[in-house]
1. Could you tell me whether segment 3-25 includes any residue that is modelled with pLDDT under 65, more than 22 Å from GLN86 (Cα to Cα) and loosely packed, with under 15 Cβ neighbours inside 10 Å?
2. Given the criteria over 23 Å from SER92 (Cβ atoms), modelled with pLDDT of 75 or more and polar (S, T, N, Q), does GLN39 qualify?
3. Keeping to segment 126-139, report how many residues are aliphatic (A, V, I, L, M) and either touching a helix residue (DSSP H, G or I) at 6+ places or on another chain (Cβ under 9 Å) or loosely packed, with under 15 Cβ neighbours inside 10 Å (or both).
4. Here is a check on your reading of the model: is ALA141 within 23 Å of TRP205 (Cα to Cα) and modelled with pLDDT under 75?
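The values are calculated or read from the model by the stated rules, or taken from the named source; none is laboratory data. Note that the structure is predicted; figures quoted are calculated from it, not measured. As a convention, Cβ positions derive from the backbone with ideal geometry for all residues, glycine included, and neighbour counts pool all protein chains shown.
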Amino acid sequence: MASIINASKNSGIVSSSDGTNALQLQTYNVPAISVNSSQVATISGPVSSTTLGTGITSFQTPLVTTSGTLTLQSNSTAGLTLDTFQTLRFNSGFGSNAIAFGCRAWVNFGYNGTNIVVRGSGNIASVTRISGQATGVFQIAFINPMPDALYSIVGSACVYSAGFGVSSALIVSEWQPGSQEVIRTNTFIQIATIDNSSDTLFDPWSCNIAIFR
């Protein structure tokens, strides 16, 4: 339980207490705000014109409304909105709220001897060499699928040279075997690492890929 402050239309302000170090504000015996002993507050029902803290004004619209749009303001200016289509917009120096396009997947991988080593990743299920290709062609599979195959891929790759250290004048390209179209789906993308000077495939010392959608 908790120490309770209740606003009753019959009895006015009624309070009761216990030893839990928790507090609950009620209106007509219905919990409105609860604060536990760790100072974690829980608000029951919609939030409207509620001060959230120093320098933060309020949610302009309730959390649950007919419009379904949630807005977070700072100095009376919308800083973040989430609409009914689950589209997140934010203003971080743009001048106005703009859609946040997130990095849906990323990976840093390379070779240790003859083994593919994934050094770090997000939303990547696997990095494998494509069957039948000896060098420089890989399939990158996603843990969580993309909404479609219309995403953007950016990347870089490099090899290690004993004489010159790391060389990064290399190309990461979507793999297009023969006259076939580029092979990409919402669950994986196939890429090739190419030496720009010799136009040949190579196994990278380090390859970095990011997917945006």
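1. At the first step, the residues of segment 3-25 found to be modelled with pLDDT under 65 are none.
The answer is no, given that none of the residues of segment 3-25 is modelled with pLDDT under 65, more than 22 Å from GLN86 (Cα to Cα) and loosely packed, with under 15 Cβ neighbours inside 10 Å.
2. In short, no.
3. Of the residues in segment 126-139, the ones aliphatic (A, V, I, L, M) are 127, 130, 134, 137.
Now restrict to residues that are either touching a helix residue (DSSP H, G or I) at 6+ places or on another chain (Cβ under 9 Å) or loosely packed, with under 15 Cβ neighbours inside 10 Å (or both): 134.
Of the residues in segment 126-139, 1 are aliphatic (A, V, I, L, M) and either touching a helix residue (DSSP H, G or I) at 6+ places or on another chain (Cβ under 9 Å) or loosely packed, with under 15 Cβ neighbours inside 10 Å (or both).
4. Details: within 23 Å of TRP205 (Cα to Cα): yes; modelled with pLDDT under 75: no.
No.
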